[in-house]
Amino acid sequence: MTRRLHSRASPLLAALLCALMAGCATAPPGPPTTTEGGVPIDATRTARGQDSRVLFLVIHYTVANFPLSMRILTEREVSAHYLLSDESPPRIYRLVDENRRAWHSGGSAWGPNKRLNSSSIGIEIVHPGFIQGPNGQRLYLPFPKAQIDALVPLVQDIVRRHQIHPERILGHGEVTPSYKEDPGPTFPWKLFADLGITPPWPDAARVAAQRALFEVQLPDVAWFQMALAKHGYAVEPTGVFDRQTERVLMNFQMRYRPGDYAGQPDAESAALLWVLTQPGAAGTPPDAALAPPDRPDPPPPPPAMR
């Protein structure tokens with residue numbers, strides 16, 4: 001009798017198991033996710049129209065040693081997403097999550113974008129910047145190869161993940177030229193261009209040909225201001241050679257003509273600007289993508305980080 005019941009029950013049990021497994025395979029989605037505060041969120045759909053909040057990458061130097069740099073960037077009202085040390089070998093410290101705003105660029109601008117803290121990632125490099133020469137002039141120090149070797153893959157990784165345009169990889173002095181010049185004239189911008197991280201370097205033959213023309217007649221100050229603004233700098237079109245124009249031109253020269261960064265208009269600087277700002281030239285800022293709305297920025301950084 002027991003054997004008969006068992007033989008009859010086996011097909012029924014198998015059918016029940018199959019139905020159960022089929023039901024598991026076609027089960028509806030699980031319960032919605034929740035925020036940290038317990039608010040239920042359905043995350044099963046994703047919008048097509050989106051991209052990273054990060055539009056820019058801004059490179060700085062600290063003008064301070066490593067212990068002081070770390071203390072300033074973690075204990076005061078100034079910060080950066082990453083700090084690259086001058087240890088041997090250098091180490092990369094993440095001080096602010098990339099999804100959060102670091103306070104590193106202040107009242108900055110590039111093209112139509114303002115207050116870049118809201119739309120950028122900041123990297124601080126432990127570096128003294130410069131020393132005072134015998135005549136009081138600044139002597140900018142080179143960056144150790146080990147630091148650059150550590151910096152390059154970090155920049156490449158950030159750029160890849162956030163799809164940052166090459167022309168939006170900038171120095172602090174470029175986005176805040178009124179009182180900044182880091183990472184200075186010894187930063188290897190050309191290496192970054194040669195690696196394809198930043199836009200191609202201005203073609204030497206085109207620069208030389210255009211320089212010869214500008215040697216005959218140098219453009220006026222209004223032309224320089226217009227070209228600098230077209231390239232991306234925040235410069236007012238005053239038509240006179242004022243302090244703001246000198247500072248912007250100095251930062252431009254530090255990047256593209258680091259052998260002479262006196263901030264004075266000359267034929268070579270004009271030729272570089274002309275090549276960089278021609279229609280379709282690499283490095284001209286796109287007008288379509290704007291940064292998120294402006295937000296108030298924290299107070300200026302302490303003197304040690306300026």
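Every condition in (1) assigned to a loop (DSSP other than H, G, I, E, B); (2) touching a residue at least 12 places away in the same chain (Cβ under 8 Å) is met by Glu236 except one, and the failing one is (2).
This table checks each residue for (1) assigned by TED's automatic domain parsing to the domain that holds Ser108; (2) touching a His at 6+ places or on another chain (Cβ under 9 Å); (3) surrounded by fewer than 21 Cβ atoms within 10 Å (Cβ to Cβ); (4) closer than 11 Å to Pro202 by Cβ.
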| site | (1), (2), (3), (4) |
| --- | --- |
| Gly239 | no, no, yes, no |
| Asp242 | no, no, yes, no |
| Thr245 | no, no, no, no |
| Leu249 | no, no, no, no |
| Gln253 | no, no, no, no |
| Arg257 | no, no, yes, yes |
| Ala262 | no, no, yes, no |
| Ala267 | no, no, yes, no |
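Among the residues making up the range 67-92, a single one is without any contact (Cβ under 8 Å) to a residue 24 or more places away in the chain and surrounded by 18 or more Cβ atoms within 10 Å (Cβ to Cβ): Met70.
Given the criteria in contact with a strand residue (DSSP E or B) (Cβ under 7 Å, 6 or more places away or on another chain), within 15 Å of Ile59 (Cα to Cα) and either at pLDDT below 95 or part of a helix (DSSP H, G or I) (or both), does Leu73 qualify?
Yes: the conditions hold for Leu73.
A Cβ distance below 6 Å, combined with a sequence gap of six or more or placement on separate chains, defines the contacts here; from the range 93-114, residues that are more than 20 Å from Val126 (Cα to Cα) reach residues that are in a loop (DSSP other than H, G, I, E, B) in the pairs Ser108/Thr176; Ala109/Ala234; Trp110/Gly232; Gly111/Gly232; Gly111/Pro285; Pro112/Leu290; Asn113/Ala291; Lys114/Asp294. Take the conditions outside any helix (DSSP H, G or I) and modelled with pLDDT under 95 and apply them to Gly196. Does it pass? Taking the combined requirement at face value, the residue does not satisfy it.
Within the range 260-287, the set of residues being at pLDDT below 95 and not polar (S, T, N, Q) comprises Pro279, Gly280, Ala281, Ala282, Gly283, Pro285, Pro286, Asp287.
Which members of the range 40-56 meet the condition of being part of a loop (DSSP other than H, G, I, E, B) and surrounded by 10 or more Cβ atoms within 10 Å (Cβ to Cβ)?
Our first condition is that a residue be part of a loop (DSSP other than H, G, I, E, B); within the range 40-56, this holds for 42-55.
Within the range 40-56, Ser52, Arg53, Val54, Leu55 meet the criteria.
Each row is one residue, and each column tells you yes or no for (1) assigned to a loop (DSSP other than H, G, I, E, B); (2) free of Cβ contacts under 8 Å to residues at least 24 places away in the same chain; (3) more than 21 Å from the chain's Cα centre (by Cα).
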| position | (1), (2), (3) |
| --- | --- |
| Pro185 | yes, no, no |
| Leu191 | no, no, no |
| Ala205 | no, yes, yes |
| Ala208 | no, no, yes |
| Phe224 | no, no, yes |
| Thr245 | no, no, yes |
| Leu249 | no, no, no |
| Met254 | no, no, no |
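In the range 41-58, how many residues are under 16 Å from Ile123 (Cβ atoms) and either modelled with pLDDT under 95 or not aliphatic (A, V, I, L, M) (or both)? Residues in the range 41-58 being under 16 Å from Ile123 (Cβ atoms) and either modelled with pLDDT under 95 or not aliphatic (A, V, I, L, M) (or both): 1 in total.
The values are calculated or read from the model by the stated rules, or taken from the named source; none is laboratory data. Everything quoted here is computed from the prediction, not taken from an experiment. Methodologically, a virtual Cβ is constructed for each residue, glycine included, from the backbone with ideal geometry; neighbour enumeration extends over all protein chains shown.
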